[in-house]
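Working notes for the structure below.
Read the figures in this text as sums done on the coordinates, not as results from a lab. This is a predicted model, so every value here is computed, not measured. So basically every Cβ, Gly included, is an ideal-geometry build from the backbone, and we count neighbours across all protein chains shown.
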Amino acid sequence: MAVVDLTELLTLVAPDAPIVGLDLGEKTIGVAVSDATRTVASPLELIRKTKFTDDAAALFKLMESRQACGLIIGLPFNMDGTEGPRCQSSRAFARNLLRLKDLPIAFWDERMSSMAVNRVLIDEYDTTRARRADLVDKMAAAWILQGALERLRTLPS
């Protein structure tokens, strides 16, 4: 398969299989998963980056354990909507995944996701800085995935 537009994703995935969302950081990959109805995104795991092939293997193992069928990767646009080096890195990550496994991948604008998650963790849960470091990337992945799921629900059937 390939990197596809979000609107095409539903035509390429099994109707009752979860979708995985990713927040790609410099040192970690936040992973979230949807339920089978694709209504709710939940934080799943944090993959600490080592080697790309090891990171991809860990991701594929998580996807298989949840019977997930596709990926939504956060695309970190600049605030003015342009693409910078982090967007290029996210696109390269997707291309490299496709060299290892045939699966549909879509991107979702992730601007402000980490900041929003941090604000919730501080304001709502009074989370310590150390605890936030363990939570923010996988929660940002859930934020990204939830936004994409909500958009998918508004598409005509």
ask   = What residues of the stretch 73-98 lie in the reach of a label at ASP109, counting those whose backbone N is under 11 Å from a point 7 Å from the Cα along Cα→Cβ?
value = 77-82
inquiry  = Can you tell me the length gained on complete extension of the stretch ARG153 to GLU26, counting 0.36 nm per residue apart and subtracting the Cα distance?
reply    = 42.6 nm
inquiry  = Sort 54-60, 102-108, 4-10 by packing, meaning the average of other beta carbons within 10 Å per residue, with the highest value first.
reply    = 102-108, 54-60, 4-10
query = Say each of ASN96 and SER65 gets a label point 7 Å from the Cα, pointing the same way as Cα to Cβ; how far apart are those two points in nm?
reply = 2.2
